[in-house]
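Encoded as structure tokens, the structure appears first; notes follow it.
All of the numbers you see were taken from the coordinates with simple rules; none came from a lab. Bear in mind the structure is a predicted one, so any value in this text is a computation, not a measurement. Every residue, glycine among them, receives a Cβ derived from its backbone with ideal geometry; neighbour counts consider all protein chains shown.
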Ligand SMILES: Cc1ncc(COP(=O)(O)O)c(C=O)c1O
């Protein structure tokens, strides 16, 4: 049985959270002398002298409408990277508990676990980049607090089989973290619509990808109310700054434009696949549900360095297990993609 209290670290269960001035004061007032801010304001901008809303209520309300998920099920982090770190700190006892990750996958699960002295059990994806359910079952022990699944997965680009994820949700009684950073580029539905079916689910999304706001650092965790309350309890009080909250509110008004942009990126992805597949140096392009492609190429290191010389940076994943010989290429604007193809053609000519 899933028992949140049992999963939670003892010290976090007992923790008395920091209570900020803005947490304690709820009403309307004209004069704020409670938070040791600078009432004069900055000479640079007069309106950033006050601490922001610690619980980002307006942003969450707007996100709730867009995502069809109640605001109480939403946590905002300084990027999903902060959500990952907070989950580890809430549930994993350093030096004692462990998590399961399924490489090749997003690197921060492991780094964040290492920072927190949490053991990482690695259960590689199958050669088809799907979950190895038997191996995951074997890896789970009494101290396995979380399983991180990334779908669509970075760097492979594919979505994990939904049935496999459901089998884990139904049979594993720790927290199942499903990182959906790239979900908007995929053909599949988000697990955010299934929060009520699984007490042990935590879905991560981000404004860094489809929304085009990586610099604002806003990541989203969707989970049961008790899990969200725990995350709120341990986060730094003002983790989403005022400028980000304001800009995100503006951006969230533009769902239509964002959807148009997503469609354009998906279209560009198709065209890039087509053009790459015609090149002699490209051996295989893995199917992608994301805004990037994993391509097996003839000489990954050589191409990587050649592109760098031409001012184009891609990600060399050729040393990563199951991604041998592969480059990860983000879908760019039509001009950027054209430039990439031009340089790849030039590289191919050079070696022939
Ligand atoms: C799978 C995955 N999750 C999370 C992140 C980080 O997102 P954020 O910018 O919200 O920290 C990335 C960034 O590349 C990613 O690939």
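Some points to look at:
- The value for segment 248-352 of Rg(Cα) / (2.2 N^0.38 Å) is 1.17.
- Radius ratio Rg over Rh of segment 47-130, counting only Cα atoms, Kirkwood formula for Rh: 1.10
- Value in Å of the Kirkwood radius, where segment 233-275 supplies the Cα pairs that are averaged: 13.1 Å
- Sequence-separation-based contact order of segment 116-260, relative, with Cα cut under 8 Å and 6+ spacing, percent: 15 percent
- Segment 146-239: Cα Rg divided by the 2.2 N^0.38 Å rule of thumb: 1.10
- Cα centroid of segment 136-162 to Cα centroid of segment 253-278, whole Å: 27 Å
- For segment 115-169, the Rg and Dmax computed from alpha carbons only, in angstrom: 11.8, 32
- For segment 7-135, averaging the sequence separation of C-alpha pairs within contact (under 8 Å, six or more residues apart) and dividing by the residue count gives a relative contact order of 17 percent.
- Percent of alpha-carbon pairs separated by more than 14 Å within segment 92-145: 50 percent
- Cα-only Debye scattering, segment 23-69: base-10 log of I(q)/I(0) at q = 0.15, 0.18, 0.23 Å⁻¹: -0.57, -0.73, -0.92
- Fraction of C-alpha pairs exceeding 16 angstrom in segment 152-192: 36 percent, rounded to a whole number.
- The per residue volume of the convex hull around the alpha-carbon atoms of the chain is 157 Å³.
- Calculated FRET value between residue 120 and residue 173, using beta carbons and R₀ = 22 Å, to 0.05: 0.65
- When the P(r) is computed for segment 74-176, the part past 22 Å accounts for 27% of the Cα-Cα pairs.
- Kirkwood hydrodynamic radius (C-alpha pairs) into Stokes-Einstein, segment 1-108, 20 °C and 1.002 mPa s, D in µm²/s: 120 µm²/s
- DSSP bridge analysis restricted to the chain gives an antiparallel fraction near 55%, rounded to the nearest 5.
- Under Stokes-Einstein, with the Kirkwood radius over Cα pairs as Rh, the value for segment 165-312 at 25 °C and 0.890 mPa s is 134 µm²/s.
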